[in-house]
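Report on the structure given below.
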Amino acid sequence: MLVGMHLRLSGRHPLLRRNLYQAPDQDGELVVDACNLAFAGPLELTAIVALAHAASAKGLGTTFVTAADPDVTAYLQRMDVIRRMPADTVIDGRLPAERRADLANALLEVSHLDGETADDLATRLGRLTAAHFSSAAAAKIFAAVGELIDNAVDHGTSPEGAFIAAQVYTGATSGRRGFEVAICDTGIGVLAHLRRNPAHAAIADAAGALACALQPGVTGTTEDRGNGLSDLLTRLEFGGLARFHLRSGAGLATVTVRSRWRAERSHSTTTSVHGTWAWLRIRIP
Amino acid sequence: MSMCMTFAVGQRGAFLATRSMARTIRGDLEERIASVVTSEVIVVDFGGVDAMTISFADEFLGRFYTDLASGHIRPVAVLLRGLNEETTEAVTICLERRELIAAALAETGKKLIGAQEFLAESYRHALELRHFKAGEFAASLGITPQNANNRLKRLVAAGAIRKERITSPGRGGKEFSYALPC
């Protein structure tokens, strides 16, 4: 588990890699070292905060080492990473003076996601996508992201809750329009959840559980449901290029969807995370 | 004349995601059906709803129509209105999974969603007949009375048409007629 660990975040999107760079922490606490972080997205933002809260729930402190690149640290600060960390988090490094423009139409800062906030956050994401994309594309994106939100509050519950962040990319600099969202919860994880259902009690490991969870009708409950993740992927078949990562325990599932073509892979990982991390990026044609 | 009540889903939000929200809205709908006993036709209006998840649709309409078909809700006629292309897709998927059907008012007129072709065709005939007996329905479709009764039973269970007991002078036994709710 990434608690009592020194987690190094370096380069671009380090948490999208299959294996994360970590080492035991001498003091048994959580150190999130973003010193060499060059680019972060919603997954890094939400995972950092979720990790810190998971550590706090175990009575461990967190030290956050800020990025050497002031732009990266400014972005983390603007997206409320520092604000959402547990109150006793030690910040190691400089924080720039905060300049805060209202960008509600382009991004959703790291926000606490639970049963109380889920519907308001879903509405905000619906408006955000509707402001940038065609009504058909925005509705498909919302239907996909809404399934993730519902999954997190329905299955990923824990006292610490879950965290969500999102951003619209207008394509002004990269030429690629798109939308990116991440939800990291601190719940029991996919493997333990599915094993609650006797029909799935024999699933061997986290990678197998993730592969299973992507299939229709697979649920940890005994109710006739379990289509959320499968429906999410189906909703992405509207013409854009979508990438979906689902990490839980020592497993990682990756899915690429382009129109009706889909590739799914699941792997065992050397690093085990507490809860479930979901990341979705959609490029709009 | 049937008393009609409109239940505006769009007042709850333009973007509907969670099962929790769906449970609340379904509870409100069922409470209104139970409390306004003079209403025989319920129009569930999705005007103003831009998008919804399939999970929301299932928890709201999937379970509502299941309860209606099983008699847990007072028998009423139900018509969905104001669905757009995307929300129609979500509702259709959830109904098909539960093998349920629903009558909806689309731009082109009334239609059944979630239905196999034989039931959709039956509903089209009911729309043309408007007020009819089972025998007239069977004749219109060119099917046996037993087959017609089976189809009518499903249309009634979904609230797509209403079934009324009628009294014919000088004739014993039960006799029913069927009608479009509005």
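The values are calculated or read from the model by the stated rules, or taken from the named source; none is laboratory data. Quantities reported herein were computed from a predicted structural model and do not represent experimental measurements. Heads up, the Cβs are rebuilt from the backbone with ideal geometry, glycines too, and the neighbour counts pull from every protein chain shown. Each accessible area value is taken on the protein alone, full model and side chains, heavy atoms only, with ligands, DNA and RNA left out. Shrake-Rupley method; radii C 1.70, N 1.55, O 1.52, S 1.80 Å.
Values computed for the structure shown
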quantity	calculated
Qualifying positions in segment B:124-161 - touching a residue at least 12 places away in the same chain (Cβ under 8 Å) and among the polar types (S, T, N, Q)	B:SER140, B:ASN149
Residue under evaluation A:ARG124, criteria (1) open to solvent by 10 Å² or more (accessible area, probe 1.4 Å); (2) touching a residue at least 40 places away in the same chain (Cβ under 8 Å); (3) within 14 Å of another protein chain (Cβ to nearest Cβ), criterion not met	(2)
Some residue of segment A:56-70 being part of a strand (DSSP E or B) and open to solvent by 40 Å² or more (accessible area, probe 1.4 Å)	no
Segment A:171-192 residues that are open to solvent by less than 10 Å² (accessible area, probe 1.4 Å), paired with ones that are of a type in the set (Phe, Trp, Tyr) (beta carbon under 6 Å, 6 or more apart)	A:GLY178/A:TYR169; A:ALA182/A:TRP279; A:CYS184/A:PHE163; A:CYS184/A:TRP277
Filtered residues of segment A:73-87 (kept if of a type outside the set (Phe, Trp, Tyr) and open to solvent by 10 Å² or more (accessible area, probe 1.4 Å))	A:ALA74, A:GLN77, A:ARG78, A:ASP80, A:ILE82, A:ARG83, A:ARG84, A:MET85, A:PRO86, A:ALA87
Residue tally, condition open to solvent by 10 Å² or more (accessible area, probe 1.4 Å), within 13 Å of chain B (Cβ to nearest Cβ) and of a type outside the set (D, E, K, R), over segment A:153-170	3
Of all residues in segment A:1-50 being farther than 21 Å from A:ARG78 by Cα and of a type in the set (Asp, Glu), the one that is farthest from the chain's Cα centre (by Cα)	A:ASP27
Identity of the residue in segment B:58-69, of a type in the set (Asp, Glu) and open to solvent by 10 Å² or more (accessible area, probe 1.4 Å), that ends up farthest from the other protein chains (Cβ to nearest Cβ)	B:ASP67
Residue in segment A:93-103 that is under 22 Å from the mean Cα position of the chain (by Cα), more than 8 Å from chain B (Cβ to nearest Cβ) and open to solvent by 10 Å² or more (accessible area, probe 1.4 Å) present	yes
So B:GLU96, is it in a helix (DSSP H, G or I), under 17 Å from B:ALA157 (Cα atoms), among the charged types (D, E, K, R) and open to solvent by 80 Å² or more (accessible area, probe 1.4 Å)	yes
Filtered residue count, segment A:7-50, keeping only those that are open to solvent by less than 50 Å² (accessible area, probe 1.4 Å) and without any contact (Cβ under 8 Å) to a residue 12 or more places away in the chain	0
Segment B:117-172, residues that are of a type in the set (Val, Ile, Thr) and closer than 12 Å to B:ILE101 by Cβ	B:VAL156, B:ILE161
Scope segment B:8-57; condition away from chain A (no Cβ under 14 Å), buried (at least 17 other Cβ atoms within 10 Å of the Cβ) and not small (Gly, Ala, Ser); matching residues	B:ARG26, B:LEU29, B:GLU30, B:ILE33, B:GLU40, B:VAL41, B:ILE42, B:VAL43, B:VAL44, B:ASP45
